[in-house]
Amino acid sequence: MQFYYQNLSNFQKYVSQVMLCVVLTLGLTITSMPLSQVMAADTPFDEKLVLRRQTLVVRDIEKSLALYRDAIGMEVIYDQVIKRPLTGSDREQILRLIFLKASNQYTGVLGLVDYEYGYPEHPAHQKPIRNEGFTPGNSILVFNSTELSKTWPLIEVSEGVKIITEPKLTSYPGYGGKGKIRVMVSKFYDPDGFLVEMNQLLDPLNPQ
């Protein structure tokens with residue numbers, strides 16, 4: 001019996017040594033990867049061209065936050081109040097700049113900026129809102145969500161939002177003209193009159 005336990009103890013030591021070697025080997029393998037390969041997994045720095053961000057100039061940044069953060073579900077990753085001299089004026093410009101991410105903090109980021117954040121009565125905040133529809137000179141923010149039925153009721157009651165169409169089934173030709181892509185499409189104006197689509201894909205983008 002003593003011989004059995006002695007051999008068992010030696011076996012356990014052997015297993016421990018083997019596991020330690022495996023861990024060390026894996027650790028060396030991971031840490032010896034080129035920095036570019038490590039960063040490429042999370043950042044687009046190695047890409048030739050990346051559409052980094054679209055920034056909206058807004059009248060009331062709190063209303064915009066209530067829509068994009070609280071209703072749509074984006075996450076704030078940057079929020080700063082910036083003070084700087086205003087060219088041609090003796091006053092200081094106070095602006096607030098916010099970045100929000102959907103699922104990636106390097107691409108597809110939405111920026112919100114109020115260039116007169118420190119002056120609520122500034123004429124820029126009183127500029128008429130243009131709800132011009134899908135006409136030249138206007139851009140469209142398109143979101144894809146897997147929870148449209150959950151998100152839409154929050155969008156509907158967001159202050160300043162004007163609904164164009166509620167979610168409805170729409171079909172588009174597939175890539176390369178193969179098949180169809182079914183999408184639940186909803187459209188609305190945000191508090192500053194920017195066009196927004198909140199959609200949910202029902203089919204893969206590249207059907208085989």
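Quick look at the numbers
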quantity	calculated
All positions within the stretch 48-81 that are among the hydrophobic types (A, V, I, L, M, F, W, C), loosely packed, with under 13 Cβ neighbours inside 10 Å and under 22 Å from S103 (Cβ atoms)	L49, L51, I77
Failed item, numbered, when P204 is tested on (1) touching a residue at least 24 places away in the same chain (Cβ under 8 Å); (2) part of a loop (DSSP other than H, G, I, E, B)	(1)
Neighbours by Cβ (under 9 Å, 6+ apart or cross-chain): first from the stretch 76-102, free of Cβ contacts under 8 Å to residues at least 24 places away in the same chain; second among the basic types (K, R)	D79/R96; Q80/R96; I82/R96; P85/R91; L95/K83; L95/R84
Count of the stretch 82-106 residues which are surrounded by 11 or more Cβ atoms within 10 Å (Cβ to Cβ) and closer than 30 Å to S145 by Cα	10
Conditions (1) assigned to a helix (DSSP H, G or I); (2) more than 20 Å from the chain's Cα centre (by Cα); (3) surrounded by fewer than 13 Cβ atoms within 10 Å (Cβ to Cβ): number failed by H125	(3)
Residues of the stretch 83-115 classified as touching a Leu at 6+ places or on another chain (Cβ under 7 Å) and either over 30 Å from D46 (Cβ atoms) or at pLDDT below 90 (or both), total	5
Long-range neighbours under 6 Å by Cβ, at least six apart or interchain, first residue at negative phi within the stretch 114-127, second in a helix (DSSP H, G or I) and not charged (D, E, K, R)	D114/I61; E116/A124
Filtered residues of the stretch 144-181 (kept if more than 16 Å from E197 (Cβ to Cβ) and in a strand (DSSP E or B))	P173, K180
N199 being in contact (Cβ under 8 Å) with a residue 24 or more places away in the chain, closer than 24 Å to V50 by Cα and assigned to a loop (DSSP other than H, G, I, E, B)	no
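The values are calculated or read from the model by the stated rules, or taken from the named source; none is laboratory data. For clarity, every value in this text was computed on a predicted model and none was experimentally measured. For neighbour counting, all protein chains shown are included, and Cβ atoms are generated from backbone atoms with ideal geometry for every residue, glycine included.
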